[in-house]
Amino acid sequence: MNAKGNIKLVFSFLLALLIQVFLLRDMGIGGMAFLFIYTYVVIKAPLDINKSLLVILAFFAGWLVDWFYDTHGLHAFALVLIAFFRSFILNVLTPANGYDDRSKINLKEMTWLWYLPYVGSMLLIHHSVLFFLEASDWSLFGLSLLKIFFSTLLGLVVFVLLELFAKD
Amino acid sequence: MNQLLQFLVRQRGFILFVILELFSLWAIFTYNDYQHTIYFNTNNSIAANILGKIESVKTYHQLLDVNEELSKENARLHNELLQLKNSKVSGGDLPYYASREVANQFQMTAAKIIVQSTQGSQNYLTIDKGTSDGMHPGMAVVSSKGIVGKIISCSEHLSLVISVLNTINSVSAKIKKNGELGFIKWGGWQPEVVDMMDVSKYKKVAKGDTIVTSDFNSVFPPNVPIGVVAKLGLKEDGNFHDIKVLLFTKFNTLRYVYVIKNKLIGQQIKLEESIPKSE
């Protein structure tokens, strides 16, 4: 990963966070599907990133979102969780010819069969934790399940679209 | 000792993970209403500022709607004033005179919403009036159309309001037509609809009935509009009506609210506390 690529990455992370807190904060489709684009920070982090660094990064990104959502720790918890379990998911989903030093997480290099399960499982874990903690009430169990399902679906669509329109 | 250190260094990612997760969990579960307001006012003033600016831009784009709403409200108030003047002349069934204190029991203050959510399961609003404007926890918050919620904590210049769109908030309500009592509670989604509970199936309810706050309510004044019955069914246990109420207040476009101060609430609470309790 070169310096130029790194700067680009940092900017896209910041952009994802800004879009999250300013545009997506009060948006939801039918009160069911919510887009949490800030998971981009963890999902698209470079493969060779230091694990501790990623966990810390996730915590601060999550805490920033918590600030604006007025939720206090909720998003930080969910994001740190997927940041930590990312390496396990990456191990399970190792592509046929393995990862090499220059591998990047994108649709072109990793193919559909890798990219969809990867993003899907990351979003599913994140949304499950987020919605169940947020509801904090078992009577809302079914509703939370629906929210998780539709939000994950929406997230998958958006992440695939982002890949299709990405330049490099 | 050396081995222990090596182990710690090797597992630093995991240890860091556990510490951060525990910290987040602690933050989530120790976060009560009081901290909510304090956090919002000190640590979070930057976020509040920015969100407030964005809110003011949104308000600007909605000036037309806001104006229209205000003029409608003006008209309604004029009407009410006229009715009131008339009723004073014609008189009621019984010679009832309210003392001046009781007649002026409720006082309204307008406030602007700084931050609000409608998409969570527990929704709150933050308004720009605090203790320095005479706000207290427990005061009712209404919009020009219907109920909004109740103040749960105040700082000097801001107050936190628990919205009706909150699964842990319920409000005593009645059917305007025949006075049947019940309470309303939000089901956790759709910011337009709440459920009315505890209305026995033997009571008469029809689609289109207006629901208002009941008289037995220490927060809201009686007869504040809530919504209309939109859907009618029977609860699973077969004993109660399953009533879906379409709220009058449109939370998605809400920008200004009124806080109602009940000047006699202290006396009312004191009196109600003096009821002898059976042991």
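Extension gain for B:ILE50 to B:LEU84 (0.36 nm times residue separation, less C-alpha to C-alpha distance): 7.8 nm. Here the Kirkwood formula puts the hydrodynamic radius of chain B at 21.8 Å, using every distinct Cα pair. Each Cα pair under 8 Å and six or more residues apart adds its sequence gap; the mean of these over the residue count of region A:107-161 is a relative contact order of 45 percent. At each listed q (0.09, 0.10, 0.13, 0.17 Å⁻¹), what is the log10 of I(q)/I(0) that the Debye formula gives for region B:134-279 modelled as equal alpha-carbon point scatterers? Per q value, in the given order, log10 I(q)/I(0) is -0.30, -0.37, -0.61, -0.97.
Pairs of Cα atoms in region A:3-126 fall into 10 Å distance bins, from 0 up to the last occupied one, in shares of 12, 43, 34, 10, 0 percent.
Residue exposure proxy: B:ILE168, B:ILE151, ordered by other Cβ atoms within 10 angstrom of their Cβ from fewest to most, comes out as B:ILE168, B:ILE151. Sorting A:TYR118, B:TYR124, B:TYR202 by the number of Cβ atoms found within 10 Å of their own Cβ, with the fewest placed first, yields B:TYR202, A:TYR118, B:TYR124.
Per residue of peptide B:110-116, the mean number of Cβ atoms on other chains within 10 Å of the residue Cβ is 1. Centroid-to-centroid, using Cα positions, region B:104-178 and region A:1-80 are 32 Å apart.
Of all lysines in the structure, those lying under 19 Å Cα to Cα from B:LYS53, and not within fewer than 8 positions of it along the same chain, are B:LYS112, B:LYS129. For B:ASP198, A:ASP70, the sequence from fewest to most other C-beta atoms within 10 Å is B:ASP198, A:ASP70. Normalised by the number of residues in chain A, what is the relative contact order in percent for Cα pairs under 8 Å and 6+ residues apart? Contact order relative to length: 24 percent. Computed per residue of chain B from DSSP H runs no shorter than four, each worth -39500 (n - 2.57), the mean residue ellipticity at 222 nm is -11000 deg cm²/dmol. If you run the Gaussian network model on chain B, springs between alpha carbon atoms under 10 Å, then out of B:GLN268, B:GLN190, B:GLN119 the most flexible one is B:GLN268.
Here the sum of -39500 (n - 2.57) over DSSP H runs of 4 or more residues, divided by the residues of chain A, equals -22500 deg cm²/dmol at 222 nm, to the nearest 500. Working from label points 7 Å from Cα in the Cα-to-Cβ sense, the B:LYS176 to B:VAL102 distance is 2.4 nm.
The angle separating the long axis of helix A:3-18 from the principal Cα axis of greatest extent in chain A is about 10 degrees.
Quick one: what do you get for the protein assembly as shown if you divide its Cα Rg by 2.2 N^0.38 Å? In units of the 2.2 N^0.38 Å rule of thumb, it is 1.18. What does a probe at A:ASN106 reach in region A:129-168, counting residues whose amide N is under 17 Å from the point 7 Å along Cα→Cβ? Residues passing the 17 Å test: A:159-168.
Every number in this text was worked out from the coordinates using simple rules, so none of it is lab data. On a predicted model such as this, the values are computed, not experimentally measured, just so you know. Ideal geometry is used to build each Cβ from the backbone, glycine not excepted, and the neighbour counts take in all protein chains shown.
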